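Visitor: Can you keep this structure in mind? I'll have questions shortly.
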Amino acid sequence: MALLIGACSDGASSADGLEPVLTTLPPVVTEAPTTTSSTTTTSTSTTTTTTTTTTTTLPPSAEGRLELVEEVWGDIAPKSVVASGNGLFFAQNMMYRHTITVYDAVGNLVKTISDTVNLADFGIEGYKGTHQGSPVEAVFTSDGQYAYVSNYQMYGDGFNRAGGDGCNLGGWDESFLYRVDTDDLEIDQVIPVGAVPKFLAITPDDTYVLVTNWCTFDMSVVATATGKEVTRVDLGRHPRGIAVTSDGTKAYASVMGGSDIAIVDLGDFSVDWLRDVGRSPRHLILSPDDDILYVTLNGEGTVIKIDLEAGETVGRVATGNAPRSMAISTDGQSLYVVNYNSDTVSKVLTEDMTEVQELPANDKPIGITYDPATGNVWVSTYSGSLMIFSDR
């Protein structure tokens, strides 16, 4: 299928573009349902422990198969889980718990970080007292030293018009990124961005953090050297996923309220387009050589493979109902996809886009990350758990 490459956005809307936000607070589950895997129950301790990572040579990922080896439960409702690359895993628990929970490589709780901040302490003027955030997603610098975390919305004095998943443009409260130092696991920087910031990416040289702002229909570009937003790039209705090329010159951004993917030049911030890729594109991943872009189409229940040089969709696979997030193995041979409405996780081989596994997950799987040190795959579920799968 050929894709039309154009130069402007039509801002199309689609009900399929809505992101899941829970309407009731998830219960705290301290004991896992009976399974054959081992389980870990975590508390909200704030004691920091030392994490050590051992790197091993992994077999080709296409030869492995997923097997559940651990479940982590506790006072969590994780929207996302992200590997740092240095042995830590951050789970973002939204407004349901107002925390970021940090784990070691086997699922032990290292620290619970509150999302409560005094904005004045970080040089943010015009606000009184303390405020709460609602952590959504995270991204790490290349050395794992810092995590940048987006907050869906803020709570407290001065915030009274929160955006939501069905938002149109128009005067919503803007929000903030938090920077967390992984040495002491403390928030050390707060950065203003747009309304309802969601997915984040970072350039390979750590120069820019990029975040899609769901309700201002744009992408913030933050300079890490200053902790300041340097520009915003208009994208269209409900931007979501971001993938940055390995040379740091381009970012691809999905516009989930339509069917297009933006191509942002990170030199002059001009925008080109991949048109009509499919309904409600959400998560984006580039192949290790940057030749292929993988896209979850939430509105169609499929994952597609786009040859970027040809500008064509060259592969497609149906995984489950509402494929949300995905991760890729280090060798680029395998994709791992969470299917939100099917309560499953899929493994797809990238060579021919064949689904080789679809395994049951706990209720509402929404986030996923790949651990390059072990080859393990972590899945976060809104129902209050993290699941760790080996892939050997």
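The values are calculated or read from the model by the stated rules, or taken from the named source; none is laboratory data. Given the structure is predicted, the values throughout are model-derived calculations rather than measurements. Because the Cβ atoms are built from the backbone with ideal geometry, glycine has one as well, and the counts that use them run over all protein chains shown.
Visitor: Can you report the number of residues in region 305-332 which are surrounded by 17 or more Cβ atoms within 10 Å (Cβ to Cβ) and either touching an Asp or Glu at 6+ places or on another chain (Cβ under 8 Å) or outside any loop (DSSP other than H, G, I, E, B) (or both)? First the steps, then the outcome.
Guide: Restricting attention to region 305-332, the residues satisfying the condition of being surrounded by 17 or more Cβ atoms within 10 Å (Cβ to Cβ) are 305-306, 308, 313, 315, 317, 319-320, 322-329, 332.
If we keep only those that are either touching an Asp or Glu at 6+ places or on another chain (Cβ under 8 Å) or outside any loop (DSSP other than H, G, I, E, B) (or both) as well, we get 305-306, 308, 313, 315, 317, 319-320, 323-329, 332.
Qualifying residue count for the region: 16.
Visitor: Identify the residue in region 145-163 that is in a strand (DSSP E or B) and within 19 Å of the chain's Cα centre (by Cα) and, among all such residues, is farthest from Pro239 (Cα to Cα). Break it down stepwise before answering.
Guide: Step one: of region 145-163, the residues in a strand (DSSP E or B) are 146-151, 155.
Now restrict to residues that are within 19 Å of the chain's Cα centre (by Cα): 146-151.
Values: Tyr146: 24, Ala147: 21, Tyr148: 18, Val149: 17, Ser150: 14, Asn151: 15 Å.
Among those that are in a strand (DSSP E or B) and within 19 Å of the chain's Cα centre (by Cα), it is Tyr146.
Visitor: Among the residues of region 193-201, are any buried (at least 20 other Cβ atoms within 10 Å of the Cβ), β-branched (Val, Ile, Thr), at pLDDT 95 or above and within 19 Å of Thr116 (Cα to Cα)? Let's see the steps before the verdict.
Guide: Keep residues of region 193-201 that are buried (at least 20 other Cβ atoms within 10 Å of the Cβ), which gives 193-201.
So of that shortlist, the ones also β-branched (Val, Ile, Thr) come out as 193, 196.
With the extra rule that they be at pLDDT 95 or above, the set shrinks to 193, 196.
With the extra rule that they be within 19 Å of Thr116 (Cα to Cα), the set shrinks to 193, 196.
Looking for residues that are buried (at least 20 other Cβ atoms within 10 Å of the Cβ), β-branched (Val, Ile, Thr), at pLDDT 95 or above and within 19 Å of Thr116 (Cα to Cα), one finds at least one in region 193-201, hence yes.
Visitor: Now a separate question. For region 175-258, which fully contained strands (runs of 3 or more DSSP E) count at least 2 residues that are more than 18 Å from the chain's Cα centre (by Cα) and among the aliphatic types (A, V, I, L, M)?
Guide: On the way: elements: 176-181, 186-192, 197-202, 208-213, 218-223, 228-234, 239-244, 250-255.
Those strands (runs of 3 or more DSSP E) span 186-192, 228-234.
Visitor: In the list Gly170, Gly166, which residue meets the criterion of being in contact with a Leu (Cβ under 8 Å, 6 or more places away or on another chain), surrounded by fewer than 20 Cβ atoms within 10 Å (Cβ to Cβ) and part of a loop (DSSP other than H, G, I, E, B)? Let's see the steps before the verdict.
Guide: Details: Gly170 fails: in contact with a Leu (Cβ under 8 Å, 6 or more places away or on another chain).
Exactly one residue qualifies, and that residue is Gly166.
Visitor: Are any of the residues in region 116-139 more than 23 Å from Phe176 (Cβ to Cβ), touching a residue at least 24 places away in the same chain (Cβ under 8 Å), of a type in the set (A, V, I, L, M) and not in a loop (DSSP other than H, G, I, E, B)?
Guide: Looking only at region 116-139, we keep the residues that are more than 23 Å from Phe176 (Cβ to Cβ), and these are none.
No: zero hits.
Visitor: How many of the residues in region 202-232 are surrounded by fewer than 21 Cβ atoms within 10 Å (Cβ to Cβ), without any contact (Cβ under 8 Å) to a residue 40 or more places away in the chain and in contact with a strand residue (DSSP E or B) (Cβ under 8 Å, 6 or more places away or on another chain)?
Guide: So the count comes out to 6.
Visitor: When both residues are 6+ apart or on different chains and their Cβ atoms are under 8 Å apart, which pairs have a first residue that lies in region 329-345 and is closer than 19 Å to Arg282 by Cα and free of Cβ contacts under 8 Å to residues at least 40 places away in the same chain, and a second that is of a type in the set (A, V, I, L, M, F, W, C) and part of a strand (DSSP E or B)?
Guide: Hits for this filter: Asn339/Val345; Thr344/Val338; Thr344/Leu359.
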